[in-house]
1. Per residue, what accessible area does the chain have, given a 1.4 Å probe and all protein chains present, in Å²?
2. With a 1.4 Å probe and all protein chains left in place, how much of the accessible area of segment 16-60 comes from carbon and sulfur atoms, in whole percent?
3. Can you send over the solvent-accessible area of L26, 1.4 Å probe, protein chains only, in Å² to the nearest 10?
4. If packing is taken as the mean number of other Cβ atoms within 10 Å per residue, what is the order of 7-17, 83-93, highest first?
5. Run lengths n ≥ 4 of DSSP H only: what is the helix-derived mean residue ellipticity at 222 nm for the chain, with -39500 (n - 2.57) per run over all residues, to the nearest 500?
6. Give the relative contact order (percent, whole number) for the chain; include only Cα pairs under 8 Å separated by 6+ residues.
7. What are the ³J(HN,Hα) values, in whole Hz, obtained from phi via the Karplus relation 6.51 cos²θ - 1.76 cosθ + 1.60 with θ = phi - 60°, for each residue of segment 31-47 in sequence order, with x given for Gly and Pro?
8. Given labels modelled 7 Å from the Cα in the Cβ direction, how far is it in nm from Q8 to D68?
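The values are calculated or read from the model by the stated rules, or taken from the named source; none is laboratory data. The model shown is predicted, which means the values in this text are computed figures rather than measured ones. Reconstructed Cβ throughout: ideal geometry from the backbone, glycine too, with neighbour counts over all protein chains shown. Each accessible area value is taken on the protein alone, full model and side chains, heavy atoms only, with ligands, DNA and RNA left out. Shrake-Rupley method; radii C 1.70, N 1.55, O 1.52, S 1.80 Å.
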Amino acid sequence: MTYTYTLQELSTTASAIIANTSSKTLLFYGQMGMGKTTLIKELCLQLGVQDVISSPTFSLVNEYQATDCKVYHFDFYRINDEEELYQIGFEDYLDQDAWIFIEWPEKIPHFIPEQATAITITSDTRTTRTLSMIKQ
């Protein structure tokens, strides 16, 4: 599934992702500045998160309460070694019935869940993004 969207169409794009994914674990691939965190913020809003939604770049994970479940947002940009995942109990997060959003999953290749949906964001123009969704 492929979507091309602008910032004004972000809400529609997030709705389409939620409606068309078969997994609650979403892996976000894309260069710096592609809008991964911006898209995750919109996904959180659509799932009913009322908290302030921010990037967990330094904390590695942010936890939010959505309408009917929890949402865990991971950002592994600053991770130096997969061993750090043991320190935060990453595998325990995967065992929960929660939405799990992972930015920079390429940094944790040995921990990628089998039942995940990969979302790759690329830039067509300065204001347009293309999103590709592929079930792992």
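1. On the way: 7210 Å² over 136 residues.
Dividing the accessible area of the chain by its residue count gives 53 Å².
2. 53 percent
3. L26 exposes around 0 Å² with every protein chain in place.
4. Values: 7-17: 15.3, 83-93: 13.1.
Averaged packing, sorted descending, gives the order 7-17, 83-93.
5. After summing the helix terms and dividing by the residues of the chain, the value is -6500 deg cm²/dmol.
6. Details: 234 pairs, mean separation 48.7, N = 136.
RCO, the chain: 36 percent.
7. Here the 3J(HN,Hα) series is 5, 4, x, 7, x, 4, 5, 4, 5, 4, 4, 5, 4, 4, 4, 5, 7 Hz.
8. For Q8 paired with D68, the spin-label model returns 3.3 nm.
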